[in-house]
Amino acid sequence: MRAVRVKRPGGPEVIELVETDEPTAGGGELLVSVALAGVNYVDTYYRAGVYPKAAPFGLGAEGIGTVIEVGQDVTGFEAGDRVAWCDAPNSYAELVAVPARRAVRVPAGIPDELAVGALLQGMTAHFLVDSTYPVAPGESVLVHAAAGGVGLLLTQMADKRGARVIGTVSTEEKAELARGAGAAEVIRYDRTKDLAAEVRALTEGQGVPVVYDGVGRTTFDASLASLKKRGTMVLFGAASGPVPPVDPQRLNAGGSLYLTRPSLYHHIDTRAELDHHASAVFGAVLDGTLDIRVGHEYSLAEARQAHEDLQGRRTTGKLLLRV
Ligand code: NDP
């Protein structure tokens, strides 16, 4: 079968499409014929060695497809089922072994593209606004990279909860998309000299009670400086690079701030948690309250291009690989 592999960590140029042995369904696993694989920023961290992994390794964690074989000790799934997942390694491939406990059924009314667009990034946005910092009506919240995969969904969810979203983006096209998703204010952070001052100007000098920051190194300081007293800094990613070590005293000086670095995987660890977040996002897609924007679709052979575009800030919304 064809699969995307990385021989050694590095830039997008280390991505290769290879012929490799087919996986089998081990105990507790489903063998799935993949229709679409989701591209996520975390895939670039593994590819680059930011998150170390023994090479060579396969890329990807998310996808949707059809079960073709059910391993031992699996209940509740059978061949022919349509399933999606967001944490099965080697998902940029024609076939993938998905742990049954990580597979979710997709409601019939949701096309494959929207299901993958909703799953990893949608559940991330959902836990961020629902549990990391539960957004309340009337609050102003700062969302970085608001036209990105997570950003567009986070913006919509915070807006639907009655918050006033201040989004940051790097182009006018992205600004339009962020406004369309519900951002009341948009800041071009590529142009501003003092992002925190702009946020304060938009909040009567107060600052915001929460910043959702998936950009990391280049925004972290401005994010902290944008918080009001006892505000919460939610650092959930590092698209611009990892944040250097932080002196806890900065949280005191900033006004008894909270800093957290949450991961989706600690919010979907059990079947009940996974079903809770998946049904929240699939339900919102079905009732029309969550709009999934697939920004770009590539073939499996174009995985390298997808990584170049994602890291080159040329993309919006969800990126898919058609298998
Ligand atoms: P995005 O589609 O948001 O792409 C990243 C965006 O970040 C870019 O489009 C760009 O938007 C912005 N950006 C700002 N500076 C840079 C830079 N120097 N290089 C590249 N991009 C930059 O990606 P995802 O939606 O897949 O992920 C967004 C973030 O969420 C990532 O940090 C990811 O790791 C994180 N994440 C975390 C999870 C968790 O469990 N904690 C789960 C899922 C995602 P612009 O051009 O507008 O600046």
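A few points about this structure:
- Residue in the range 62-75 that is free of Cβ contacts under 8 Å to residues at least 60 places away in the same chain, open to solvent by 20 Å² or more (accessible area, probe 1.4 Å) and within 16 Å of the ligand (Cβ to nearest atom) present: no
- Pairs linking a residue in the range 206-227 that is under 13 Å from ILE166 (Cβ atoms) and open to solvent by 20 Å² or more (accessible area, probe 1.4 Å) to a residue that is at pLDDT 95 or above and of a type in the set (A, V, I, L, M, F, W, C), with Cβ atoms under 7 Å and 6 or more positions apart or on different chains, are ALA222/LEU195; ALA222/ALA196.
- Filter result for GLY65 (in the same structural domain as GLN305 (by TED's automatic domain parsing), at pLDDT 95 or above and in a loop (DSSP other than H, G, I, E, B)): no
- Test: GLU173 is within 15 Å of the ligand (Cβ to nearest atom), touching a Lys or Arg at 6+ places or on another chain (Cβ under 9 Å), among the acidic types (Asp, Glu) and not assigned by TED's automatic domain parsing to the domain that holds LEU286: no
- Being in contact with a strand residue (DSSP E or B) (Cβ under 7 Å, 6 or more places away or on another chain) and open to solvent by 10 Å² or more (accessible area, probe 1.4 Å) is not true of LEU114.
- Residues of the range 154-171 satisfying the condition of being in a helix (DSSP H, G or I) and either hydrophobic (A, V, I, L, M, F, W, C) or out of contact with any strand residue (DSSP E or B) (no Cβ under 8 Å at 6 or more places or on another chain) (or both): LEU154, GLN156, MET157, ALA158, LYS160
- Checking MET123 against (1) touching a Phe, Trp or Tyr at 6+ places or on another chain (Cβ under 9 Å); (2) in a helix (DSSP H, G or I), the condition it does not meet: (1)
- The range 184-218, residues that are among the β-branched types (Val, Ile, Thr) and either assigned by TED's automatic domain parsing to the domain that holds GLN311 or part of a strand (DSSP E or B) (or both): VAL186, ILE187, VAL208, VAL210, VAL211
- Checked against (1) outside any loop (DSSP other than H, G, I, E, B); (2) in contact with a strand residue (DSSP E or B) (Cβ under 9 Å, 6 or more places away or on another chain), ALA284 passes all but condition (2).
- Scan of the range 19-55 for residues that are within 16 Å of the ligand (Cβ to nearest atom), open to solvent by 60 Å² or more (accessible area, probe 1.4 Å) and in a strand (DSSP E or B), ordered by number: none
- Test: residue in the range 46-67 that is closer than 30 Å to VAL211 by Cα and polar (S, T, N, Q): no
- Residues satisfying the stated conditions in the range 225-239, i.e. of a type in the set (Val, Ile, Thr) and within 6 Å of the ligand (Cβ to nearest atom): none
- Residues that are within 12 Å of the ligand (Cβ to nearest atom) and of a type in the set (D, E, K, R) were ranked within the range 181-224; the one that is farthest from TYR41 (Cα to Cα) is ARG191.
Yes or no, residue by residue, for (1) at pLDDT below 95; (2) within 15 Å of LEU30 (Cα to Cα); (3) surrounded by fewer than 21 Cβ atoms within 10 Å (Cβ to Cβ):
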{"position": "ALA93", "(1), (2), (3)": "no, yes, no"}
{"position": "VAL98", "(1), (2), (3)": "no, yes, no"}
{"position": "PRO137", "(1), (2), (3)": "no, no, yes"}
{"position": "SER140", "(1), (2), (3)": "no, no, no"}
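- Every pair of residues 6+ apart whose Cβ atoms lie under 6 Å, when the first sits in the range 259-281 and is in a loop (DSSP other than H, G, I, E, B) while the second is within 10 Å of the ligand (Cβ to nearest atom): ARG261/LEU235; PRO262/THR132; PRO262/PHE236; HIS267/PHE127
- Filtering the range 273-314 to residues that are farther than 17 Å from TYR45 by Cα, buried (at least 20 other Cβ atoms within 10 Å of the Cβ) and within 12 Å of the ligand (Cβ to nearest atom) leaves only HIS277.
- Applying the criterion of being open to solvent by 80 Å² or more (accessible area, probe 1.4 Å) and not in a loop (DSSP other than H, G, I, E, B) to the residues of the range 229-258, the residue that is nearest to THR218 (Cα to Cα) is ARG250.
The values are calculated or read from the model by the stated rules, or taken from the named source; none is laboratory data. Everything quoted here is computed from the prediction, not taken from an experiment. Cβ: placed from backbone, ideal geometry, glycine included. Neighbour counts: every protein chain shown. Only protein heavy atoms, including side chains, enter the accessible area calculation; ligands, DNA and RNA are left aside. Shrake-Rupley method; radii C 1.70, N 1.55, O 1.52, S 1.80 Å.
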